[in-house]
1. Just to confirm my filter: which strands (runs of 3 or more DSSP E) fall fully inside the range 52-98 and include at least 1 residues that are more than 12 Å from the chain's Cα centre (by Cα), among the basic types (Lys, Arg) and surrounded by 14 or more Cβ atoms within 10 Å (Cβ to Cβ)?
2. Going through the range 99-123 one residue at a time, which ones are among the polar types (S, T, N, Q), in contact (Cβ under 8 Å) with a residue 24 or more places away in the chain and in a loop (DSSP other than H, G, I, E, B)?
3. Return the total of residues in the range 106-124 being over 20 Å from residue 74 (Cα atoms) and among the aliphatic types (A, V, I, L, M).
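Bear in mind that the values in this text are calculations on the coordinates, not laboratory data. Because the structure is a prediction, the values reported are computed rather than measured. Cβ coordinates were reconstructed from backbone atoms using ideal geometry, including for glycine residues, and neighbour counts include every protein chain displayed.
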Amino acid sequence: MLIANIYIDFRIMKLKRTLITLTASIVSIATTMTFIVSSLAFARKVPNIPTIYLGKLNLDDYCQDTFGNNSRPVIVEENAYGWKCLVPHNADQVSYKSMDLDMACQTQYNDQNVLSGYLDWNDPYSWICWKPYHR
């Protein structure tokens, strides 16, 4: 009977550890998905419709205007969605902030109808500002 109780206690402890690990994994996945979704919220590939090309995005100005003069754009992943604003808080603490690239284009060109878009998923430097062409 004692051996059976020890075995059951062991199985319960193992099950608890598995549940804790599973819970931590779910939280990690949810956090990652939230980060990805917030990063993609304002981004799109330039569509295959008549557009007016306005020019490249000025991400330096966007980061500084939005997060302060010491902020700057950095690439955290080598793809179109890899840009973040690096925001220094003090000598040894920084944060990475998501960018609203539509707002960056609208501010840069002083036009609320301007949109952002990338030309190549694998090229973080392929972002442009554009607007739909209307006759």
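1. Because the criterion is at least 1 residues that are more than 12 Å from the chain's Cα centre (by Cα), among the basic types (Lys, Arg) and surrounded by 14 or more Cβ atoms within 10 Å (Cβ to Cβ), the strands (runs of 3 or more DSSP E) in the range 52-98 that meet it are 72-75.
2. Matches in the range 99-123: 122 only.
3. Result for the range 106-124: 2.
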